[in-house]
Structure formats: C-alpha cells, structure tokens
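The structure under discussion appears below in the form of structure tokens.
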Amino acid sequence: DGEQVTIGEALEMYTVHAARAGGLEHEVGTLEAGKRADLVVLSADPTALPPEDLDRLQVERTVCGGCDVYARTDAS
C-alpha cells in the first residue's frame with residue numbers, strides 16, 4: 001500500500017503527462033481540435049472496472065494520426 005495509483009492517474013500518466021514530458025503537449029496527449037487523433041477503443045471503461053478485472057480489457061481499435069491502424073475482427 002501507499003505505492004498505488006488510481007486508474008484515472010495511470011491513464012493521465014500515459015497520455016497527458018507523457019505528452020508533456022516529451023514536449024508534445026500541443027500535438028498529442030488529449031483529444032481536442034488541432035491535435036493528432038491518437039487513441040485506442042477498449043472493450044470496457046477501465047475506470048468502471050475493479051482493478052482485478054483490468055487484465056480482461058481488449059483493444060478493439062487503434063487510431064494514430066486519425067488513421068485506423070488496428071481493428072479487432074473477431075467477436076470474442
């Protein structure tokens with residue numbers, strides 16, 4: 001204990017804070033007009049799941065620069 005972060009904090013670390021650390025906060029890190037559309041679509045909302053179920057999340061789609069680079073094709 002004491003060394004934990006919330007799901008929201010983890011998501012911010014991988015998005016907003018990573019962009020800021022790389023000096024790219026004006027290009028990436030958040031979804032807003034004028035920034036590259038880099039995103040993933042997950043099978044469920046990670047903020048609504050208990051931590052023990054996070055490993056069950058699946059990546060449904062990945063978009064980089066507004067272009068689809070991955071889309072899951074199976075229904076499992």
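The table below lists the values:
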{"quantity": "Paramagnetic reach from Val5 (point 7 Å along Cα→Cβ, amide N under 17 Å) across the range 19-36", "calculated": "19-25, 29-30"}
{"quantity": "Using θ = phi - 60° and Karplus 6.51 cos²θ - 1.76 cosθ + 1.60, couplings along the range 13-28 (whole Hz; Gly, Pro as x)", "calculated": "4, 7, 10, 4, 6, 5, 4, 5, 5, x, x, 10, 4, 8, 10, 9"}
{"quantity": "Accessible area per residue, Å², the chain with all protein chains present, probe 1.4 Å", "calculated": "77 Å²"}
{"quantity": "Answer label for P(r) over Cα pairs in 5 Å bins from 0, in percent (calculated), chosen among [x] 3, 16, 26, 24, 15, 10, 5, 2; [y] 3, 17, 31, 29, 13, 5, 1, 0; [z] 3, 14, 18, 22, 20, 14, 6, 2, 0", "calculated": "[z]"}
{"quantity": "Label-point separation in nm, Arg20 to Ala48, each point 7 Å along Cα→Cβ", "calculated": "2.8 nm"}
{"quantity": "Carbon + sulfur, % of accessible area of the chain - ligands and nucleic acids excluded, 1.4 Å", "calculated": "55 percent"}
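The values are calculated or read from the model by the stated rules, or taken from the named source; none is laboratory data. Just so you know, these numbers come straight off a predicted model, no measurement behind them. Please note: Cβ atoms are built from the backbone with ideal geometry, for glycine as well, and neighbour counts cover all protein chains shown. All accessible areas refer to the heavy atoms of the entire protein, side chains included, with ligands and DNA or RNA removed. Shrake-Rupley method; radii C 1.70, N 1.55, O 1.52, S 1.80 Å.
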